[in-house]
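The values are calculated or read from the model by the stated rules, or taken from the named source; none is laboratory data. The structure presented is a predicted model; accordingly, all values stated were derived computationally and were not measured. Cβ placement follows ideal geometry from the backbone for every residue including glycine, while neighbour counts extend to all protein chains displayed. Note: areas computed on protein heavy atoms with side chains; ligands, DNA, RNA excluded. Shrake-Rupley method; radii C 1.70, N 1.55, O 1.52, S 1.80 Å.
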Amino acid sequence: MCQPSERSPTQLATNPYTGGRERVVADPARTAILVGDSQASGVKGVPTTATWPVLALRSLGYQVCALVAAGMGFTGEALTGAYAGALATRWIPPHGSLPLIVVEGGGNDAAAGVPPGTVTAAAGKLVRSLRAAQPGARIVVVGPLSGSSQPERRRSSRAAVDRALQAAAPTWGARFVAARNLLDTGTVPMLDAVHPTAAGHAVLAGPLATRLRAAGVLPAAG
């Protein structure tokens, strides 16, 4: 897995569209960028490699470059900051013509009480910046994870952000995959109201892969 904290200068190259520095990877044609929060980074002993977004992408044949951190979101009101800031200052994306970028999130923005319109405005800017860096990549936005087992207030705020992202994504040239009610697709062991156990992540990976396929995210070539 491409790790954003590895910064060997001998393995960096310049993006021809943005001038930014990027990590050289062995097989760009099969590499997907995953931008995400704790659902993709893992918490409480669950490693990034065992999270449901990573497992789903791997099941489709992609090598995953995970640019992820717990508590992050589309806006600065999220617990630990915005994706755009981390991409600009901390994270190093993979180099080359990539086929796929998946952005997962919105739950921390919803938890912070950020209005859905504000979330989508920030998400739109993020998607456009990712498009500028990777003009040939398919971009998929995965909404915040939710399910009927969650408290109604938490579920409704996440659903509002989810619906707003779904409505806006096509205007950015992105595809949308809902994670609303994904927790209801089977028995999902949970660490708390929002974070699955390692076994729960494994349960969620299959339904997400199915939804990605339905959205036209084909298995990686080769």
Quiz item: Any idea which of (1) part of a helix (DSSP H, G or I); (2) farther than 16 Å from S129 by Cβ; (3) touching a helix residue (DSSP H, G or I) at 6+ places or on another chain (Cβ under 6 Å) is the one T49 doesn't satisfy?
Solution: (3)
Exercise. Select from segment 13-63 the residues that are touching a residue at least 12 places away in the same chain (Cβ under 8 Å), of a type in the set (D, E, K, R) and buried (at least 17 other Cβ atoms within 10 Å of the Cβ) and list them in ascending order.
Key: E22, R23, R30, D37
Exercise. Check whether at least one residue in segment 57-68 is assigned to a helix (DSSP H, G or I), closer than 20 Å to P170 by Cα and among the small types (G, A, S), and report yes or no.
Key: no
Self-check item: Some residue of segment 105-116 being part of a helix (DSSP H, G or I) and in contact (Cβ under 8 Å) with a residue 60 or more places away in the chain
Solution: yes
Quiz item: In segment 163-188, which residues are in contact with a Phe, Trp or Tyr (Cβ under 7 Å, 6 or more places away or on another chain) and open to solvent by less than 20 Å² (accessible area, probe 1.4 Å)?
Solution: L165, A169
Practice problem: Of all residues in segment 203-218, count the ones that are open to solvent by 60 Å² or more (accessible area, probe 1.4 Å) and either farther than 12 Å from V142 by Cβ or without any contact (Cβ under 8 Å) to a residue 12 or more places away in the chain (or both). | Solution: 4
Quiz item: Are there any pairs with C-beta distances below 7 angstrom linking a residue in segment 142-154 that is surrounded by fewer than 24 Cβ atoms within 10 Å (Cβ to Cβ) to a residue that is at pLDDT below 85 and of a type in the set (G, A, S), with the two at least 6 apart or on different chains, and if so which?
Solution: Q150/A193; P151/A193; R154/A193
Practice problem: Determine whether V141 is within 23 Å of T51 (Cα to Cα) and not in a loop (DSSP other than H, G, I, E, B). | Solution: yes
Practice problem: Give A209, A164, A205 a once-over and let me know the one that is touching a helix residue (DSSP H, G or I) at 6+ places or on another chain (Cβ under 8 Å), modelled with pLDDT of 95 or more and more than 18 Å from L55 (Cβ to Cβ). | Solution: A164
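So that you can scan it fast, the table gives a plain yes or no per residue for (1) hydrophobic (A, V, I, L, M, F, W, C); (2) more than 20 Å from R213 (Cβ to Cβ); (3) surrounded by fewer than 20 Cβ atoms within 10 Å (Cβ to Cβ):
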residue	(1), (2), (3)
A84	yes, yes, yes
L87	yes, yes, no
I92	yes, yes, no
E104	no, no, no
R128	no, yes, yes
A137	yes, no, yes
M190	yes, yes, yes
V194	yes, yes, no
